[in-house]
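Peer 1: Pasting a structure here, questions to come.
The values are calculated or read from the model by the stated rules, or taken from the named source; none is laboratory data. Just so we're clear, the structure is a prediction, and the values are computed from it rather than from any experiment. Cβ atoms come from the backbone with ideal geometry, glycine included; neighbour counts cover every protein chain shown.
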Amino acid sequence: MPVYAERQGRIGTENAFKIGPHIVAVESRGTPVVKLNLGEPDFSAPPWVKDEICRQVARDNSHYCDPKGIPSLRQAIARQVNATRGLSVTPDHVCVFPGGKPSIGFTQQIYCDPGDEIIYPSPGFPIYESFIRYIGAVPVPLHLDEDQGFSCTADQLAALITPRTKLIILNFPSNPTGGVATRDQLGALADVIQTRCRPEVRVYSDEIYENIIFDGRTHLSIASMPGMADKTIISSGLSKSFAWTGGRVGYAVMPSVAEADAFKNMNINYFSCVPPYNQEGAREALENEQSGPWMADMTRTFEARRDAILARLNAIEGVTCQRPGGAFYLFPNIGGLCERIGAFEAFGRLSPETRAATSPATLFQMFALYHHHVAVMDRRSFGVIGAEDLHFLRISIAADLETLGEGVRRLDAAGRDAEGFQQFVARGEHLS
Ligand SMILES: Cc1ncc(COP(=O)(O)O)c(C=O)c1O
């Protein structure tokens with residue numbers, strides 16, 4: 001009898017958490033690493049949020065509370081979602097979770113049976129793909145096209161829809177590409193979904209980067225397209241917008257109150273409730289009038305960094321990088337660089353088992369970390385299925401300009417160090 005259940009072998013992970021020990025290992029040798037791997041803003045949560053949490057803890061607001069989320073926070077969320085998306089949801093449509101992440105797995109568990117097909121963006125947040133096989137559903141990656149600013153066309157989506165399609169996951173602004181969809185693109189996607197999918201099909205729209213959008217644009221949700229509100233789950237949270245990843249407050253707005261109650265029951269089964277003092281902090285974040293300007297300031301900082309670093313990345317031979325419209329990541333294509341340092345040949349010489357767990361871009365990522373002391377993420381960290389011939393890195397711009405400049409300098413140096421790269425791969429350590 002095996003120790004683990006069979007399904008345990010089918011769940012994936014989020015490599016952003018796996019790379020930490022590698023960084024610790026490198027730094028324990030006395031070399032500081034430039035960390036451009038981080039998926040969290042390098043800001044502190046606003047003081048009015050922190051003050052509110054302290055106030056709530058001091059008044060002993062630290063007991064069980066409503067498993068769906070405290071009413072005052074759900075009210076603030078409904079108000080914000082209605083104002084920004086032109087909807088008319090009630091607080092009862094809202095469910096609060098410990099972060100934006102839990103509703104990804106809950107959505108798959110609540111709506112999908114084994115054999116159902118789930119369409120999800122690739123590259124995309126790894127938890128989408130990680131959960132699909134775990135629940136016995138069928139992963140159908142929607143490959144985002146570099147040439148289209150990492151958005152997708154309605155035709156691309158239409159080609160993937162079948163009678164078994166049950167859930168469609170979208171994420172704009174996107175992690176890891178920073179891609180943002182236009183109103184026309186969202187409208188066309190909505191048309192396809194309404195004409196090709198059965199009414200029971202749901203769209204999970206991950207909008208956690210909704211407040212980090214560049215070039216004077218504002219956030220658009222597919223839920224705002226005609227006919228989409230009653231089939232879209234809007235997911236968002238406080239982690240990115242308020243630089244508050246450790247607060248663990250996220251939420252989703254469901255198409256019906258009954259569906260929101262199904263999520264509430266998952267909360268009851270898994271963790272009962274989200275700490276009430278943090279929920280009060282989240283309410284304060286959404287209601288305080290200083291929050292809008294605060295988020296706009298943070299976004300301006302990310303935008304300035306994007307502009308400064310994009311040019312420097314594109315100046316590296318063999319690297320081409322699109323201009324992201326939001327979030328805080330750059331997603332350069334390093335196919336030319338991989339060619340230049342012989343990563344394809346080195347990859348080809350590996351054993352089939354090693355090859356299955358790595359890629360040319362992963363080899364470069366690990367080489368850059370261990371030998372040039374700069375941490376970034378590889379393409380494989382954002383969906384593996386169908387990504388064999390795609391050679392990208394994700395660079396987080398959640399670091400000051402000096403650090404970013406030094407990180408890009410180190411990536412450039414790593415890209416010129418073909419000899420060091422070949423020796424690193426030949427040594428056979430840390431290849432995945
Ligand atoms: C697209 C996307 N969705 C969800 C999450 C999860 O956010 P949280 O930390 O609030 O769980 C992340 C975090 O990186 C993300 O990038």
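Peer 1: Yes or no: the stretch 373-380 includes at least one residue that is surrounded by fewer than 21 Cβ atoms within 10 Å (Cβ to Cβ), among the acidic types (Asp, Glu), in the same structural domain as ALA304 (by TED's automatic domain parsing) and modelled with pLDDT of 95 or more.
Peer 2: no
Peer 1: Here is a further query. Of (1) buried (at least 19 other Cβ atoms within 10 Å of the Cβ); (2) modelled with pLDDT of 95 or more; (3) more than 12 Å from the ligand (Cβ to nearest atom), LEU144 satisfies all except one. Which?
Peer 2: That leaves (2) as the condition not met.
Peer 1: Related question: Select from the stretch 229-247 the residues that are more than 22 Å from GLY326 (Cα to Cα) and in a loop (DSSP other than H, G, I, E, B) and list them in ascending order.
Peer 2: ALA229, ASP230, LYS231 - these are the residues of the stretch 229-247 that are more than 22 Å from GLY326 (Cα to Cα) and in a loop (DSSP other than H, G, I, E, B).
Peer 1: Kindly indicate whether any position in the stretch 247-262 is under 16 Å from the mean Cα position of the chain (by Cα), β-branched (Val, Ile, Thr) and farther than 17 Å from VAL94 by Cα.
Peer 2: No, there is no match, as no residue in the stretch 247-262 is under 16 Å from the mean Cα position of the chain (by Cα), β-branched (Val, Ile, Thr) and farther than 17 Å from VAL94 by Cα.
Peer 1: Let me ask another. Which is touching a residue at least 40 places away in the same chain (Cβ under 8 Å) and within 23 Å of GLU40 (Cα to Cα), of PRO324, PRO293?
Peer 2: PRO324
Peer 1: Related question: Which one of these does THR162 not meet: (1) closer than 25 Å to ASP113 by Cβ; (2) buried (at least 19 other Cβ atoms within 10 Å of the Cβ); (3) among the β-branched types (Val, Ile, Thr)?
Peer 2: Among (1) closer than 25 Å to ASP113 by Cβ; (2) buried (at least 19 other Cβ atoms within 10 Å of the Cβ); (3) among the β-branched types (Val, Ile, Thr), THR162 violates only (2).
Peer 1: While we're looking at this one, here's another question. Would you confirm whether any residue within the stretch 180-203 is assigned to a loop (DSSP other than H, G, I, E, B), of a type in the set (Ser, Thr, Tyr), in contact with a Leu (Cβ under 7 Å, 6 or more places away or on another chain) and within 28 Å of ASN333 (Cβ to Cβ)?
Peer 2: Checking the stretch 180-203: not a single residue is assigned to a loop (DSSP other than H, G, I, E, B), of a type in the set (Ser, Thr, Tyr), in contact with a Leu (Cβ under 7 Å, 6 or more places away or on another chain) and within 28 Å of ASN333 (Cβ to Cβ).
Peer 1: Out of everything in the stretch 209-233 that is surrounded by fewer than 20 Cβ atoms within 10 Å (Cβ to Cβ) and closer than 22 Å to ALA304 by Cα, what residue ends up being nearest to the ligand (Cβ to nearest atom)?
Peer 2: In this case the residue turns out to be HIS219.
Okay, residues lined up against (1) more than 30 Å from ASP261 (Cβ to Cβ); (2) within 16 Å of the ligand (Cβ to nearest atom); (3) touching a strand residue (DSSP E or B) at 6+ places or on another chain (Cβ under 9 Å):
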site	(1), (2), (3)
GLU27	yes, no, no
THR31	yes, no, no
LEU36	yes, yes, yes
PRO47	yes, no, no
ARG55	yes, no, no
CYS65	no, no, no
ARG74	no, no, yes
THR84	no, no, no
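Peer 1: May I ask you to list pairs of residues, at least six apart or on different chains, whose Cβ atoms are under 8 Å apart, with the first in the stretch 125-144 being outside any strand (DSSP E or B) and the second being among the β-branched types (Val, Ile, Thr) and surrounded by fewer than 19 Cβ atoms within 10 Å (Cβ to Cβ)?
Peer 2: What qualifies is PRO126/THR13; GLU129/ILE385; SER130/ILE11; SER130/THR13; PHE131/ILE11; ILE132/VAL138; ARG133/ILE11; TYR134/ILE11.
Peer 1: If you scan the stretch 240-262, which residues turn out to be over 18 Å from ASN171 (Cβ atoms), within 10 Å of the ligand (Cβ to nearest atom) and among the β-branched types (Val, Ile, Thr)?
Peer 2: Within the stretch 240-262, VAL249 is the sole residue that qualifies.
Peer 1: Tally time: how many residues in the stretch 103-124 are within 16 Å of the ligand (Cβ to nearest atom), part of a helix (DSSP H, G or I) and not small (Gly, Ala, Ser)?
Peer 2: The total comes to 4.
Peer 1: Would you confirm whether any residue within the stretch 16-25 is under 18 Å from the mean Cα position of the chain (by Cα) and among the aromatic types (Phe, Trp, Tyr)?
Peer 2: Taking every residue of the stretch 16-25 in turn, at least one turns out to be under 18 Å from the mean Cα position of the chain (by Cα) and among the aromatic types (Phe, Trp, Tyr).
Residue by residue, here is whether (1) hydrophobic (A, V, I, L, M, F, W, C); (2) in contact (Cβ under 8 Å) with a residue 40 or more places away in the chain; (3) within 16 Å of the ligand (Cβ to nearest atom) holds:
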position: ARG300; (1), (2), (3): no, no, no
position: LEU337; (1), (2), (3): yes, yes, no
position: ILE341; (1), (2), (3): yes, yes, no
position: THR354; (1), (2), (3): no, yes, no
position: THR362; (1), (2), (3): no, yes, no
position: GLN365; (1), (2), (3): no, no, no
position: HIS371; (1), (2), (3): no, yes, no
position: PHE382; (1), (2), (3): yes, yes, yes
position: THR403; (1), (2), (3): no, yes, no
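Peer 1: A follow-up question, please. Before we move on, is SER236 within 13 Å of the ligand (Cβ to nearest atom) and touching a residue at least 60 places away in the same chain (Cβ under 8 Å)?
Peer 2: Working: within 13 Å of the ligand (Cβ to nearest atom): yes; touching a residue at least 60 places away in the same chain (Cβ under 8 Å): yes.
Answer is yes for this residue.
Peer 1: Applying the selection to the stretch 55-81, what residues are assigned to a helix (DSSP H, G or I), surrounded by 14 or more Cβ atoms within 10 Å (Cβ to Cβ) and not basic (Lys, Arg)?
Peer 2: GLN56, VAL57, PRO71, SER72, LEU73, GLN75, ALA76, ILE77, ALA78, GLN80, VAL81
Peer 1: Right, something else. Restricting attention to the stretch 27-41, report how many residues are out of contact with any Asp or Glu (no Cβ under 7 Å at 6 or more places or on another chain), crowded, with 18+ Cβ neighbours inside 10 Å and either outside any loop (DSSP other than H, G, I, E, B) or modelled with pLDDT of 95 or more (or both).
Peer 2: 4
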